[in-house]
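The values are calculated or read from the model by the stated rules, or taken from the named source; none is laboratory data. Values in this document were obtained by computation on a predicted structure and should not be read as measured data. Note: ideal-geometry Cβ built from the backbone for every residue, glycine included; neighbour counts use all protein chains shown. Ligands, DNA and RNA are stripped out before the accessible areas are found, and what is left, the full protein with its side chains, is counted by its heavy atoms. Shrake-Rupley method; radii C 1.70, N 1.55, O 1.52, S 1.80 Å.
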Amino acid sequence: MEQDLQLNICHLYPDILNLYGDRGNTITFSKRCEWRGIKANVIKLGVGDDYDFQDIDLFFIGGGQDFDQHALLDDLGIGLAGSKASRLAQAIEKDVPVLAICGGYQLLGEYYVDASGDRMDFLGAIPIYTEAGDGRLIGNLAYKADAIEGSPLVVGFENHAGRTRLREGVAPLGHVVYGSGNNGEDGTEGVRYRNVFGTYSHGPLLPKNPAFADCLLRIALERKYPYSALPALDDTLETRAHDAMAHKLNQ
Ligand code: GLN
């Protein structure tokens with residue numbers, strides 16, 4: 001009997017952390033599962049909602065403004081045993097895949113000092129930290145995602161005050177070929193820590209970066225069903241969208 005494959009995808013704070021259509025990433029996950037006959041159960045968790053994170057196969061968290069990030073700190077329960085923050089950190093240490101975009105990416109790190117100099121202590125689940133710089137880093141973004149098989153060129157859009165630094169020895173997701181990336185200085189973009197893929201790429205990111213989407217789905221599927229395989233899809237349309245953007249950026 002063919003195994004009935006299903007993935008539980010947790011979308012954290014979909015109503016608050018959702019800049020530039022970031023929710024399109026969970027729609028992409030769902031459709032790319034559906035097209036393969038894999039059942040995708042999307043669990044949307046807002047402030048006050050909860051779920052057993054041990055049943056989650058893939059987490060997604062989008063971007064948000066400084067005050068959005070601040071508004072979530074009580075609900076996350078940073079530093080408290082049994083809180084969402086501590087259970088998400090535990091999932092990360094168990095190599096559960098996570099896609100985190102911009103503010104959601106920053107939130108998984110140690111802290112964020114915003115433009116007014118106020119420091120927010122974040123999850124500390126990945127060895128990065130963020131400090132707002134002069135002005136915002138805004139515009140199209142393209143990078144070679146060396147931490148993804150095949151080092152695909154990823155195209156997106158960034159808009160952030162925060163400049164993120166990776167602790168010594170922590171691998172970036174990739175290297176910038178167009179735009180600013182983590183901080184506009186060291187040429188890195190994003191992070192790959194265990195199976196956390198953090199990036200500044202809004203867009204939404206995944207509809208026009210199918211290799212990125214499938215990298216996360218493959219990790220989630222193989223963790224849950226060790227002998228499963230993710231069949232290829234016809235990505236003609238997605239590739240045309242990707243290449244149109246890459247061409248616009250002369251990449
Ligand atoms: N508030 C954060 C910053 O400005 C993240 C912004 C975002 O998610 N686009 O750096």
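Just a few scattered comments:
- The residue that is least open to solvent (accessible area, probe 1.4 Å), among those in segment 149-172 that are within 16 Å of the ligand (Cβ to nearest atom) and among the hydrophobic types (A, V, I, L, M, F, W, C), is A161.
- Residue in segment 131-142 that is in contact (Cβ under 8 Å) with a residue 12 or more places away in the chain, aliphatic (A, V, I, L, M), out of contact with any Ser or Thr (no Cβ under 8 Å at 6 or more places or on another chain) and within 12 Å of the ligand (Cβ to nearest atom) present: yes
- Candidate set from segment 173-187 (those that are crowded, with 21+ Cβ neighbours inside 10 Å and part of a strand (DSSP E or B)); member that is farthest from the chain's Cα centre (by Cα): V176
- Checked against (1) of a type outside the set (S, T, N, Q); (2) closer than 26 Å to G162 by Cβ; (3) surrounded by fewer than 20 Cβ atoms within 10 Å (Cβ to Cβ), L76 passes all but condition (3).
- Residue selected from segment 42-65 under the condition within 16 Å of the ligand (Cβ to nearest atom) and crowded, with 19+ Cβ neighbours inside 10 Å, by the criterion farthest from L99 (Cα to Cα): G64
Per-residue answers, yes or no, for (1) modelled with pLDDT of 95 or more; (2) away from the ligand (no atom under 16 Å from the Cβ); (3) out of contact with any Cys (no Cβ under 7 Å at 6 or more places or on another chain); (4) of a type in the set (V, I, T):
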{"residue": "C10", "(1), (2), (3), (4)": "yes, yes, yes, no"}
{"residue": "N25", "(1), (2), (3), (4)": "yes, no, yes, no"}
{"residue": "D68", "(1), (2), (3), (4)": "no, no, yes, no"}
{"residue": "A71", "(1), (2), (3), (4)": "no, no, yes, no"}
{"residue": "G82", "(1), (2), (3), (4)": "yes, yes, yes, no"}
{"residue": "D95", "(1), (2), (3), (4)": "yes, yes, yes, no"}
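- The residue list G162, G150, G135 contains one member that is small (G, A, S) and part of a loop (DSSP other than H, G, I, E, B), which is G150.
- Test result for C10, within 23 Å of K224 (Cβ to Cβ), open to solvent by less than 30 Å² (accessible area, probe 1.4 Å) and part of a helix (DSSP H, G or I): no
- Any hit, segment 138-147, residues being more than 15 Å from E189 (Cα to Cα), open to solvent by less than 10 Å² (accessible area, probe 1.4 Å) and within 19 Å of the chain's Cα centre (by Cα): no
- When residues of segment 48-71 are limited to those that are in contact with a strand residue (DSSP E or B) (Cβ under 9 Å, 6 or more places away or on another chain) and among the aliphatic types (A, V, I, L, M), the one farthest from A213 (Cα to Cα): I56
- Any hit, segment 205-227, residues being more than 13 Å from N25 (Cα to Cα), aromatic (F, W, Y) and crowded, with 23+ Cβ neighbours inside 10 Å: no
- Strands (runs of 3 or more DSSP E) lying entirely in segment 70-132 (those with 2 or more residues that are within 14 Å of the chain's Cα centre (by Cα) and not β-branched (V, I, T)): 98-101
- In segment 15-67, residue farthest from the chain's Cα centre (by Cα) [restricted to those that are free of Cβ contacts under 8 Å to residues at least 40 places away in the same chain and part of a strand (DSSP E or B)]: K39
- Single residue of V155, V170, V196, V176 found to be under 18 Å from G103 (Cβ atoms) and of a type in the set (V, I, T): V196
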